[in-house]
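Down below is the structure, laid out as structure tokens.
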Amino acid sequence: MANQLDELNPQVREEGLDTNVIVKKIPAEVGAGSKLFEVMLWLCGIIPGVIFLFMKISAQKHFDQLQQKIQRNASQIDNFLEQRVMVLQNCARLLDKAIDLDKSTFENIAKYRSGNTGDSDEARNEIGGQIETISRNINVAIENYPDLQAHQQISDAMQQNMYLQREITAARELYNDTINEWNKDIFAWPTKKIVAAKNGYTTRIPFAASKEIKEKAKDVFF
């Protein structure tokens with residue numbers, strides 16, 4: 001049998017390939033075969049049926065714990081986002097004393113400072129992208145006034161901003177790992193998939209960078 005993938009004779013996409021996260025939740029579903037499987041276990045005797053019942057209880061416990069882990073990972077992202085908003089707010093105030101900063105920057109920062117970060121995957125991703133835009137606008141303002149770069153407080157604030165962005169990236173990686181575990185487990189037949197289908201569980205959407213951020217990443221920086 002020939003190799004399914006031949007690196008010596010590849011099909012090359014010269015224009016490259018830009019991938020995107022598909023925002024679609026897929027439900028865990030089981031058919032008549034799974035129901036028949038459960039019935040057959042009980043028909044084979046009490047012991048197989050009871051064993052499978054305990055396996056389903058264990059699977060339910062696993063999903064309950066996994067949901068709590070997802071919540072904790074999401075909360076960690078929110079905490080870092082909130083800290084970053086506060087740092088950007090302080091930096092904006094320092095800049096406003098030296099230059100005429102766009103007032104919409106303050107309005108946007110105040111909106112996110114209020115704690116209205118949302119609780120859905122989509123809302124969290126959108127807010128993260130908008131905060132990134134605010135940070136970039138402040139960076140542009142600093143670049144337009146080279147003398148401000150030597151201002152120690154502004155420099156410290158931007159260093160904190162960069163640190164928090166790295167922490168947010170790491171927290172998103174952890175969040176995505178847990179999401180991947182959830183998405184994999186709800187389709188693990190028979191036990192976990194049967195429990196997931198009974199509870200109406202669906203796949204969850206991992207973090208996705210905004211269109212603006214992805215376009216910015218293609219720019220030439222040097």
When T191, T169, T202 are ranked with the fewest other C-beta atoms within 10 Å first, the list becomes T169, T202, T191
Going highest first, how would you order 174-180, 12-18 by mean Cβ packing within 10 Å? 174-180, 12-18
Long pairs among K24/K211; K25/K61; K61/K211; K56/K184, criterion Cα-Cα beyond 28 Å: K61/K211
Ranked from highest to lowest mean number of other Cβ atoms within 10 Å per residue, what is the order of the peptides 153-159, 62-68? 153-159, 62-68
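We did not get these values from a lab; they are worked out from the coordinates using the rules stated. Keep in mind that this is a model prediction, so the values were computed, not measured. Ideal geometry is used to build each Cβ from the backbone, glycine not excepted, and the neighbour counts take in all protein chains shown.
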